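The values are calculated or read from the model by the stated rules, or taken from the named source; none is laboratory data. Since we're looking at a predicted model, the values are computed, not measured. Quick reminder, even Gly has a Cβ in these numbers, built from the backbone with ideal geometry, and neighbours come from all protein chains shown. Ligands, DNA and RNA are excluded from the accessible area calculation, which covers all protein heavy atoms including side chains. Shrake-Rupley method; radii C 1.70, N 1.55, O 1.52, S 1.80 Å.
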Amino acid sequence: MVGFNLQIYAGGTGNDPTAWVKAVAAESGTGVADASSFIWPIFSCDTTAPPNVTPSQATSDMQGWKSQGASLWATAALPYEGYDLGDYATAIAAG
């Protein structure tokens, strides 16, 4: 298994990556060796799919959740508040 992208914006608002990591880790037989590297939150910077995050918010959230990866929903929304894809890539790598 490679990973699971967890939507945390729009219809996924309220999904808690930490809770998902705990749930996957608690299930036997999943084949997931490291749940924290398996669950990747998907951040949004698209104003049509809130809540939106800046790069620094993404880094902070990832560190709080101890996420080892993330994805970004951006569509045509970039730049978002002056930030571009490179800013988000740097923030996710730092998270």
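List of remarks:
- SER36 vs. criteria among the polar types (S, T, N, Q) and outside any loop (DSSP other than H, G, I, E, B): yes
- If the condition is being touching a Phe, Trp or Tyr at 6+ places or on another chain (Cβ under 8 Å), open to solvent by less than 30 Å² (accessible area, probe 1.4 Å) and more than 20 Å from LYS22 (Cα to Cα), then the range 44-70 contributes SER44, CYS45, ASP46, ALA49, VAL53, THR54, PRO55, ALA58.
- Residues in the range 79-95 that are buried (at least 17 other Cβ atoms within 10 Å of the Cβ), under 10 Å from CYS45 (Cα atoms) and modelled with pLDDT under 90: TYR80 alone.
- Every residue from the range 8-21 that is open to solvent by less than 70 Å² (accessible area, probe 1.4 Å) and under 12 Å from the mean Cα position of the chain (by Cα): ILE8, TYR9, GLY12, ASN15, ASP16, PRO17, THR18
- Output for the range 22-43, where each listed residue is open to solvent by less than 60 Å² (accessible area, probe 1.4 Å) and closer than 13 Å to MET62 by Cβ: SER36, SER37, ILE39, PRO41, ILE42, PHE43
- Hits in the range 43-95 - residues which are assigned to a loop (DSSP other than H, G, I, E, B), within 18 Å of ALA10 (Cβ to Cβ) and touching a Pro at 6+ places or on another chain (Cβ under 7 Å): ALA70
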